[in-house]
Amino acid sequence: MVTLCSRLTLDRSLETSMTKMTILFLLLAGAAVCAAADVSGNWLAQEPRTDGTVRRTFLDLKQEGTHITGEVRTIEDRFEITDSTGGPDVFTLTGTSQAGNAPRHATYTVKLVGDELQVMAKTRPNRPPAELVAHRTAPGGGAWPARLQPPVLHSVPYNGLAKTPPMGWNSWNKFASKVDDAGVRAAADAIASNGMKEAGYVYVNIDDTWEGERDAQGIIHSNKKFPDMKALADYVHSKGLKIGIYSSPGPATCALYPGSYGHEEQDAKTYAEWGFDYLKYDWCSAGNIYKDDEMQPVYQKMGDALRASGRKIVFSLCQYGRNHVWTWGPDIGGNLWRTTGDIRDAWDSMTKIGFNQADIGPYAGPGHWNDPDMLEVGNGGMTTAEYRTHFSLWAILAAPLLAGNDLQHISPEILEILTNKDVIAVDQDPAGKQGRRISKTGDQEIWVKDLVDGAKAVGLFNRGADTAKMTVKWADLQMSTAPKNAKDLWAHADVPVDNPEYSADVPSHGVVMLRVQ
Ligand code: GLA
């Protein structure tokens, strides 16, 4: 096969039946066509999603010879073309975004084929390249929003919510973009009927990918997967539960759906009108506009908007623990803030996060919590012993307990973990003190959480590959009097307190958790 730029292709059978002169003529003619290729103009690529929404990429290009300038815009990003190579009809463009903490680059390979622009877009190292087909469009479409100046800082009063760490369920860890109305109702049904509600689970939280388009007034609508948000909220409320929603301070969420940028008050009002009780607000594309040290005023905007919405809404900050959020989260009305990147359903991810929370304990307390991310318990990537460790550690950390598994298909062992009332009581202890590590010997760590009335929760964690004998000396708990009683919260049995210490064989990746009175 002989290819003459993208427009003229000769089949091998044709090739053999043609004279050399004819081929030479066609080559010259093809080269003339190629040289005439001009991608200048405004282009739009639309990628339809199954939920009825469309992801748009705008390319405004100007070609002079083989040099191309212009910009590429999506809902979450704007890249100015700073370099172009190639030609006559296939170009590689480098786009650069100057917003955020440091310049970011994207590459686009564009090829004009007939009246289509075939675009291979590589915008992030961790995202697969997108193959797009763009068509000519009117100039000025999908303009990138202007930078909005963050507000002056002030103190947003506490909303009186989340006196203990929020408990509930969130769709993301298991369902990601597959969450829909039926799935949320099913989760609410499960919580209301399987003992989780009695154990304290309240919030049924929809994560990313519920968003549809904004209308002419700028009001956000849900997409096809969520036909009626108010009816859904009413349903969840009818089960005696509360409902949560998700957005971003940027123009786009992390799954590249519309965020609340420039629509904060309007969105807070919409959530309130629909009847939502909880908002997870995820930095995502805000990082393409603002620097990390602007997070506080940017989050304050939504803190104010929620307060003005007329409904009490838990405010959950999700910016991956950057910019020392624990020092300013409560000032902007935050009830909890993520302290880390995303958890994965794997022992290494869970332990890296969980055992790394020791230093920020003092910043947690009633109404405002460190959030080491949602639970992976029951998602299949860890053993039952490891999930028990995960749940125990989160309880000792006074972490929000947001189950992230499929509640319709839950095994008895997993349900038993999620509804262990003694462990939950440690998490929900009204003193609201986050636990701390009191010892680390090789792979063995002992953590202690101060509880009301001078009681202590103790976690003996064995991160090693073999069973280990672990010992806690009562004196190390710094209790005012010698313990009168100690209970193993997984074995549901008292352990002796008459000796000065207690020893247990802790299985590999397992935990022994005590409540010492
Ligand atoms: C980020 C958050 C996750 C989840 C996804 C949704 O990665 O940290 O918890 O909300 O976005 O896109």
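Please work out which residue is nearest to the ligand (Cβ to nearest atom), limiting yourself to the range 165-183 and to residues that are part of a loop (DSSP other than H, G, I, E, B) and more than 20 Å from L256 (Cα to Cα).
Taking the range 165-183 first, the residues part of a loop (DSSP other than H, G, I, E, B) are 165-166, 171, 179-180.
Subsequent filtering for residues that are more than 20 Å from L256 (Cα to Cα) retains 165-166.
Values: P165: 17, P166: 14 Å.
Checked the range 165-183; the qualifying residue nearest to the ligand (Cβ to nearest atom) is P166.
Inside the range 249-262, residues that are more than 12 Å from the chain's Cα centre (by Cα) and open to solvent by 10 Å² or more (accessible area, probe 1.4 Å) make up a count of 5.
Looking at G218, G212, just one residue is under 20 Å from the mean Cα position of the chain (by Cα) and away from the ligand (no atom under 12 Å from the Cβ), and that residue is G212.
W337 falls short on exactly one of the conditions (1) open to solvent by 10 Å² or more (accessible area, probe 1.4 Å); (2) touching an Asp or Glu at 6+ places or on another chain (Cβ under 7 Å); (3) without any contact (Cβ under 8 Å) to a residue 40 or more places away in the chain, and that condition is (1).
Any chance the range 120-141 includes a residue that's within 16 Å of the ligand (Cβ to nearest atom), basic (K, R) and open to solvent by less than 60 Å² (accessible area, probe 1.4 Å)? Checked the range 120-141: at least one residue is within 16 Å of the ligand (Cβ to nearest atom), basic (K, R) and open to solvent by less than 60 Å² (accessible area, probe 1.4 Å).
Number of residues in the range 404-423 that are touching a helix residue (DSSP H, G or I) at 6+ places or on another chain (Cβ under 6 Å) and closer than 21 Å to W172 by Cα equals 7. Looking at W326, W347, just one residue is touching a Phe, Trp or Tyr at 6+ places or on another chain (Cβ under 7 Å) and open to solvent by 20 Å² or more (accessible area, probe 1.4 Å), and that residue is W326.
For the structure I just gave you, tell me whether K484 is over 31 Å from the mean Cα position of the chain (by Cα), of a type outside the set (S, T, N, Q) and modelled with pLDDT of 95 or more. Yes. For L153, indicate whether it is aliphatic (A, V, I, L, M) and in contact (Cβ under 8 Å) with a residue 60 or more places away in the chain. The answer is yes for L153. In the condition set (1) more than 16 Å from the ligand (Cβ to nearest atom); (2) open to solvent by less than 20 Å² (accessible area, probe 1.4 Å), D373 is compliant with all but (1).
Out of Y257, Y271, Y290, I need the residue that is more than 13 Å from the ligand (Cβ to nearest atom), over 24 Å from H368 (Cα atoms) and either charged (D, E, K, R) or modelled with pLDDT of 95 or more (or both). Which one? Even if it seems obvious, please write down each step before you answer.
Values: Y257 fails: more than 13 Å from the ligand (Cβ to nearest atom); Y271 fails: over 24 Å from H368 (Cα atoms).
On inspection, the qualifying residue turns out to be Y290.
Of all residues in the range 268-286, those that are within 15 Å of the chain's Cα centre (by Cα) and either open to solvent by 20 Å² or more (accessible area, probe 1.4 Å) or among the basic types (K, R) (or both) total 2.
Is one or more of the residues making up the range 346-369 within 21 Å of the chain's Cα centre (by Cα), within 15 Å of the ligand (Cβ to nearest atom) and among the basic types (K, R)? No, the range 346-369 has no match at all.
This table checks each residue for (1) open to solvent by less than 20 Å² (accessible area, probe 1.4 Å); (2) modelled with pLDDT of 50 or more; (3) over 18 Å from E131 (Cα atoms).
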{"position": "L14", "(1), (2), (3)": "no, no, yes"}
{"position": "Q46", "(1), (2), (3)": "no, yes, no"}
{"position": "R49", "(1), (2), (3)": "no, yes, no"}
{"position": "L59", "(1), (2), (3)": "yes, yes, no"}
{"position": "T66", "(1), (2), (3)": "no, yes, yes"}
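Are any of the residues in the range 233-248 away from the ligand (no atom under 16 Å from the Cβ), of a type in the set (A, V, I, L, M, F, W, C), more than 22 Å from the chain's Cα centre (by Cα) and crowded, with 24+ Cβ neighbours inside 10 Å? Checked the range 233-248: at least one residue is away from the ligand (no atom under 16 Å from the Cβ), of a type in the set (A, V, I, L, M, F, W, C), more than 22 Å from the chain's Cα centre (by Cα) and crowded, with 24+ Cβ neighbours inside 10 Å. Restricted to strands (runs of 3 or more DSSP E) entirely inside the range 455-507, those with at least 3 residues that are without any contact (Cβ under 8 Å) to a residue 60 or more places away in the chain are 456-462, 468-473, 493-495, 501-506.
Inclusion of N159 among residues that are closer than 30 Å to Q434 by Cβ and modelled with pLDDT under 95 is not warranted. Does D422 satisfy the condition of being acidic (D, E), in contact with a strand residue (DSSP E or B) (Cβ under 9 Å, 6 or more places away or on another chain), in a helix (DSSP H, G or I) and surrounded by fewer than 24 Cβ atoms within 10 Å (Cβ to Cβ)? Against the criterion (acidic (D, E), in contact with a strand residue (DSSP E or B) (Cβ under 9 Å, 6 or more places away or on another chain), in a helix (DSSP H, G or I) and surrounded by fewer than 24 Cβ atoms within 10 Å (Cβ to Cβ)), D422 qualifies. For E265, the test of being more than 16 Å from the ligand (Cβ to nearest atom), surrounded by fewer than 18 Cβ atoms within 10 Å (Cβ to Cβ) and in a strand (DSSP E or B) is failed. Do we have any residue at all in the range 191-208 that's open to solvent by 30 Å² or more (accessible area, probe 1.4 Å), within 16 Å of the ligand (Cβ to nearest atom), within 23 Å of G381 (Cα to Cα) and touching a residue at least 12 places away in the same chain (Cβ under 8 Å)? No, the range 191-208 has no match at all.
Taking the numbered list (1) in contact (Cβ under 8 Å) with a residue 40 or more places away in the chain; (2) assigned to a loop (DSSP other than H, G, I, E, B); (3) open to solvent by 50 Å² or more (accessible area, probe 1.4 Å) in turn, R437 passes all entries but (2).
The values are calculated or read from the model by the stated rules, or taken from the named source; none is laboratory data. Just so you know, these numbers come straight off a predicted model, no measurement behind them. Counting neighbours? That spans all protein chains shown, and the Cβs are built from the backbone with ideal geometry, glycine included. Just the protein is used for accessible areas: all its heavy atoms, side chains included, with ligands, DNA and RNA removed. Shrake-Rupley method; radii C 1.70, N 1.55, O 1.52, S 1.80 Å.
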